[in-house]
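The structure under discussion appears below in the form of structure tokens.
Where a number appears in this text, it was derived from the coordinates with a stated rule and is not lab data. In this text, all values refer to a predicted model and were calculated from it rather than measured experimentally. Please note: Cβ atoms are built from the backbone with ideal geometry, for glycine as well, and neighbour counts cover all protein chains shown.
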Amino acid sequence: MSDPSLEFHEGTTLHDIKLVSRRFSLPRLDQPVSNTDHYRFKVTIGIIIHKPDNEVIKEIHVKIVSQENEKETFAEYQVLFYFHINQLEKFLSDKDQSGLQSDFDGWLSNVVLATTRGIMYTDLRGTFLDRALLPLISPDMLKGN
């Protein structure tokens, strides 16, 4: 007997990731900052649904800003994730078919968050933000951003 939760994602593939932009403005410090006393994360995730191609594009935008001055941005990333979803219509929201069902959308957002965390971790090694790991965030926390 197969696990029903695994069937939920069958036919979904991540077929491309594009790092659209990244920007750094890193102050020179002797040691990396080990906690969030100096910075905080601002994260938004958007979605574009292209029904004819069974494609969903998730866009994540992450800023690491100064805790003292939100206008001071230390690092910024914009990444696009291209998903192909067999039978996309099965995963569309019932309301107006312009969004995804909440649980499926959350699953895709978790993929986006985890992959972006890895990209940022690799990029920020050896910098002031060496220990600035994108926190474990529930996609539900980002609703309304």
### Query
Just in the range 43-102: which GluC sites (Glu not before Pro) are loop by DSSP and have at most 14 other Cβ atoms within 10 Å?
GLU68, GLU70, GLU72
### Task
Treat each spin label as a single point 7 Å out from the Cα along the C-beta direction, and report the GLU72 to THR122 distance in nm.
3.0
### Query
Just how far, in whole angstrom, is the range 47-80 from the range 105-145 if you go by their alpha carbon centroids?
10
### Query
Can you list the residues of the range 85-102 with backbone N under 19 Å from a point 7 Å past the Cα of GLU59, pointing along Cα to Cβ?
98-100
### Query
Applying the Karplus parametrisation 6.51 cos²θ - 1.76 cosθ + 1.60 with θ = phi - 60° to the phi angles of the range 56-71, what ³J(HN,Hα) value in whole Hz is obtained for each residue in order, glycine and proline being reported as x?
10, 10, 9, 10, 10, 10, 10, 10, 10, 10, 5, 5, 7, 9, 4, 6
### Query
Mind listing the phi-derived Karplus ³J(HN,Hα) values for the range 43-48, rounded to whole Hz, using 6.51, -1.76 and 1.60 with θ = phi - 60°, and x for any glycine or proline?
10, 9, 10, x, 9, 10
### Task
Pop out the ³J(HN,Hα) list for the range 112-125 in order, Karplus 6.51 cos²θ - 1.76 cosθ + 1.60 with θ = phi - 60°, rounded to Hz; leave Gly and Pro as x.
4, 5, 5, 5, 5, 4, x, 4, 5, 4, 5, 5, 8, 4
